[in-house]
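For reference, the structure is listed below as structure tokens.
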Amino acid sequence: MGAGIHGTGDDVNDSGESHLSEADGERAARRDEAVRAAVERGLLGPGTPIIGLLDVTGIRESAAALRAAFEAVVAPGTPVLHAFAVKATPLVPVLRLLHQEGIGAEVASPGELALARAAGVPPERTVLDSPAKTPAELREALELGITVNADNPQELERIDGLMRSAVSSSPIGIRVNPQVGGGSIEALSTATATSKFGVALRDEGAREWVVRAYADRPWLTRLHAHTGSQGIPLSLMAEGVAETYALAEEINRRIGRPQIDTIDIGGGLPVNFASDATAPTYAEYARVLREAVPGLFDGRYGLVTEFGRSLLAKHGTVVARVEYAKVSGGRPVAVTHAGVQVATRTVYVPGAWPLRIAAYDAKGRPKQGPPVVQDVAGPACFAGDLLAEGRALPLLEQGDYAAAPDTGAYYFAHHYAYNSLARPGIYGFVPDGEGGVAFAVVREAQSVEEIVAESGGTHADALTDVVRRGGIGRR
Ligand SMILES: *Cc1c(COP(=O)(O)O)cnc(C)c1O
């Protein structure tokens, strides 16, 4: 592990473990190598003061671990589709890499579906789950044969209409909310009593409605629940899956045949942001599920999973140059180029989303030196734009680099255009086989010309002369 890395002051993760596996240690070493090589090759430097890095080896390892974890608990021959939640890292090359590793795509908007298709993910390995699908989206999904999980009765009615007018090979399910409760992060808890997602199972009459919905529609063959994301304990996730399984059993029993043939258990495995340890692991979760819901794995049901964060988070690192190092009120402040635009959740809700910071020197080597309590600030023009506050690290100096590991999901791929800050370039890296590092462009850095174009640049006089231009839709 890089000598310069400093956690959030909490070395032990949620499950009480701080054990680094060999693979975790190797991933940390690859990260240090990649930062050094990026500086050496000028991918990162005074003119390009921020980039995102993706560890291709690590992504492949996580995909393999996911597949192996479920292979170890299902009956032989059970169909299992792992559909990556595209929202976690909406980058076409990442989706292509995962596809090559046997992972499909879970999409929730026309944009995400287009990304999955651009990556070559076939319809039969794609699942559409959004809570606000338009008629056009539903029609396209059914035409393509993509799996659709209906969120609510009104949506199911729309699907009824489409199913009457055309034949579709799409497997179709209903998303239910088992209402087992929330985790430590309210905004990410999808199984609360009043969550906006799915059919709330414990509401009056809801369970009966769901049973009837299946009884009336022989083409309704799947059941879906996603109990939440970061902040949900494994036991609560397992409870959500157990409730969903019990409902599938009830429906099939009452209909008198195994109409529901596939259960989609969603994603949501939490990620440890406090150290390089991968915890909990997919293998642990699969074992917890098998203990809690043995019938789910006996071969009667196919399985779909929808993991996002746990597949990508630990394989991304954002690295930013220290533009200035100053002292304010006696506290050292490193002003870097990574702030709210790449770490939006951390900046706005630092308590729920603390990130570790790794300090590197101007040559990209892990920085040595006694820990000094300092702030690591971003470039945006508001006081709260801090990547880390009061963190003990080797003193960051002008020209050094500050890196935030564990940012491969929901961070630098989720640009927030505050201050019109440009989207940074993203590079994938692998060992080149000769002791060095090979890089590939995953996404180009955004240019200022692109920023202008995206910001109405071709409509510059739109507001100064609305009436003479006739207005839109007027005659
Ligand atoms: C966000 C989401 C996921 C992925 O959640 P992670 O916490 O990233 O694993 C899976 N399924 C649905 C329906 C989601 O909304």
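Suppose we filter 110, 79 for residues that are surrounded by fewer than 20 Cβ atoms within 10 Å (Cβ to Cβ), modelled with pLDDT of 95 or more, touching a strand residue (DSSP E or B) at 6+ places or on another chain (Cβ under 8 Å) and not basic (Lys, Arg); which single one remains?
Values: 110 fails: touching a strand residue (DSSP E or B) at 6+ places or on another chain (Cβ under 8 Å).
Criteria check complete, one pass: 79.
Can residue 330 be described as within 16 Å of the ligand (Cβ to nearest atom), among the small types (Gly, Ala, Ser) and either surrounded by 19 or more Cβ atoms within 10 Å (Cβ to Cβ) or without any contact (Cβ under 8 Å) to a residue 40 or more places away in the chain (or both)? In short, no. Kindly indicate whether residue 377 is in contact (Cβ under 8 Å) with a residue 24 or more places away in the chain and either of a type in the set (Val, Ile, Thr) or more than 16 Å from the ligand (Cβ to nearest atom) (or both). In short, yes.
Okay, residues lined up against (1) of a type in the set (Phe, Trp, Tyr); (2) under 25 Å from residue 27 (Cα atoms):
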site	(1), (2)
427	yes, yes
431	no, yes
444	no, yes
450	no, no
453	no, no
456	no, no
459	no, no
466	no, no
471	no, no
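Screening residue 65 against (1) of a type outside the set (Ser, Thr, Tyr); (2) surrounded by fewer than 19 Cβ atoms within 10 Å (Cβ to Cβ); (3) more than 16 Å from the ligand (Cβ to nearest atom); (4) within 30 Å of residue 435 (Cβ to Cβ) leaves a single unmet condition, (3). Restrict the check to region 136-151 and report whether at least one residue is out of contact with any Asp or Glu (no Cβ under 6 Å at 6 or more places or on another chain), within 13 Å of the ligand (Cβ to nearest atom), under 26 Å from residue 62 (Cβ atoms) and at pLDDT 95 or above. Yes.
Return the residue satisfying two criteria in turn: it lies in region 223-252 and is of a type in the set (S, T, N, Q) and within 19 Å of residue 199 (Cβ to Cβ), and of such residues it is farthest from the ligand (Cβ to nearest atom). Among those residues, the one meeting the criterion is 252. Within region 340-361, the set of residues being small (Gly, Ala, Ser) and free of Cβ contacts under 8 Å to residues at least 60 places away in the same chain comprises just one member, 351. Residues considered: 102, 58, 52. Of these, the only one that is modelled with pLDDT of 95 or more and assigned to a helix (DSSP H, G or I) is 58.
Is one or more of the residues making up region 154-176 within 16 Å of the ligand (Cβ to nearest atom), surrounded by fewer than 19 Cβ atoms within 10 Å (Cβ to Cβ) and at pLDDT 95 or above? No.
The values are calculated or read from the model by the stated rules, or taken from the named source; none is laboratory data. All figures in this text were calculated on a predicted structure; none of them were measured in a lab. So basically every Cβ, Gly included, is an ideal-geometry build from the backbone, and we count neighbours across all protein chains shown.
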